[in-house]
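The values are calculated or read from the model by the stated rules, or taken from the named source; none is laboratory data. Just so it is clear, the model here is predicted, and its values are computed rather than measured. Because the Cβ atoms are built from the backbone with ideal geometry, glycine has one as well, and the counts that use them run over all protein chains shown. Ligands, DNA and RNA are stripped out before the accessible areas are found, and what is left, the full protein with its side chains, is counted by its heavy atoms. Shrake-Rupley method; radii C 1.70, N 1.55, O 1.52, S 1.80 Å.
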Amino acid sequence: MLSGLRLCVRSLCRGWSVRGMSLSPRQINRWPSNESSEPPADSPRVLITGGLGQLGVGLAEMLRKQYGKENIILSDIRRPPAEVYSMGPFVYADVLDYKNLRELVVNNRITWLVHYSALLSAIGEANLALARTINITGLHNVLDLALENCLRLFVPSTIGAFGPSSPCDPAPDLCIQRPRTIYGVSKVHAELMGEYLHHKYGLDFRCLRYPGVVSAHTKPGGGTTDYAVQIFHDALSTGHHECYLRSNTRLPMMHISDCHRATIEFMQAPESQLSLRTYNIAAMSFKPEEVAEEIRKHLPHLRVTYNPDTIRQTIADSWPVRFDDSNARQDWGWKPAYGLSELVTDMLASIREKRTNAGLPVS
């Protein structure tokens, strides 16, 4: 069976075309670098889609430290800030434009593709047609490209892939999911399509279900767990945060550094170690009132009021309160570094520094 899969993948690599499209001769200019670094000879060539969202820039930075600036290409449909553009290669990439993506993959000799393009939970509910197009049609494009070009493909999943009928404390890797948002439905679709193509054609598909990700480096982007970012900005600016979830809404969360490290360690893991194609990863689980109390150890003046938003509260109530990530720990050695106290200390220090550097007042 395995030999048949390998034979099929080898036939893809010899030039079988998923879409049957010809390649344009247009080339992507090589990024001018003033730094000389010697990455490992077998370094992957990585393309990150949706790179200007919450996760892409930080992941690119960590990957560039390991594999060299030139080997990691960040992409999005928006113009990057100057500091992002100066960090390393950046190109325009629309995940709905298959030909454009194919040119990027072929011309830049891409071997790993990290697919971060997506509309998140709350925004997706307000823009159903757009979410369906980006989250599902865009996914199909990268799946076809990965299969055609023998890429290692990473597609993140989410806490939103679970639903009210799922086990919630904890949610295991394999269980009933049945999400009730277009974001969650699209992520379950991604998990199953990737697993199907792995078993049928040998696609090296890898997927992690992220909990809520907490980062000081990007603004909240329309996710249901984004209060856990906004509360730090409010604590250091006005001293008051109005939370759109109930005070006792417990959800799994993770510091962004742990999220990036888990992604890289998972992508680097030998395929022989993986018993699954989709894994939960976990770090901590907290309620709004708990993170507020931890912040008050540093900023006693913080005031939090609660004004639950019907849409986001309904979404949060359908999600698990904890992840079971025992398979990730056993198969490829996953272990988080940040608990709640470490997360709060780091977030406050990072946002305080950013505000001070920008000449903004700090509460």
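Could you do me a favour and compute the accessible area per residue for segment 263-363, 1.4 Å probe, result in Å²? Per-residue accessible area for segment 263-363 comes out at 49 Å².
Here segment 175-298 is assigned +1 on the Cβ of each Lys and Arg and -1 on the Cβ of each Asp and Glu. Its dipole about the Cα centre then comes out at about 320 debye. Could you tell me which of rounded, prolate or oblate describes segment 167-207, using a ≥ b ≥ c as the square roots of the eigenvalues of the alpha-carbon gyration tensor, with rounded for a/c under 1.5 and, failing that, prolate when a/b is larger than b/c and oblate otherwise? Because a/c hits 1.5 or more and a/b fails to exceed b/c, segment 167-207 counts as oblate.
Counting only alpha carbon atoms, the long axis of helix 256-268 and the longest principal axis of the chain meet at about 20°. Pairwise inverse Cα distances across segment 228-294, averaged and inverted, put the Kirkwood hydrodynamic radius at 14.4 Å. The angle between the Cα long axis of helix 98-107 and the main principal axis of the chain comes to about 70°, on a 0 to 90 degree scale.
Specify the angular offset, from 0 to 90 degrees and rounded to the nearest 10, of the alpha carbon long axis of helix 138-149 from the longest principal axis of the alpha carbons in the chain. Helix 138-149 sits roughly 40 degrees off the main axis of the chain. Rounded to two decimal places and with Rh computed the Kirkwood way over Cα pairs, what is Rg over Rh for the chain? In the chain, Rg relative to Rh is 0.97.
Among the listed pairs Lys65/Lys297; Lys187/Lys297; Lys99/Lys219; Lys287/Lys335, those whose Cα-Cα separation exceeds 26 Å are Lys65/Lys297; Lys187/Lys297; Lys99/Lys219. Please state, as a whole number in µm²/s, the translational diffusion coefficient that the Stokes-Einstein equation yields for segment 229-344 at 25 °C and 0.890 mPa s, with Rh defined as the Kirkwood radius across alpha carbon pairs. My calculation gives 155 µm²/s for D.
The share of accessible area on the chain that comes from carbon and sulfur is 52 percent, using a 1.4 angstrom probe.
If you sort the three axes of the alpha carbon gyration tensor as a ≥ b ≥ c, you get a/c of 1.5 or more for segment 137-186 and a/b above b/c, which makes it prolate. At what distance in angstrom do the alpha carbon centres of segment 263-337 and segment 169-218 lie from each other? Here the answer is 14 Å between Cα centres. Ala328 sits among other residues whose Cβ lies under 10 Å from its own Cβ, and their net charge, with Lys and Arg +1 and Asp and Glu -1, is -2. Highest mean packing comes first when the peptides 75-86, 111-122 are listed by Cβ atoms within 10 Å, giving 111-122, 75-86. A helix-only calculation puts the chain at -12000 deg cm²/dmol for mean residue ellipticity at 222 nm, using -39500 (n - 2.57) for each DSSP H run of at least four residues, averaged over all residues.
A probe of 1.4 angstrom, applied to the heavy atoms of all protein chains, finds Tyr196 with accessible area near 110 square angstrom.
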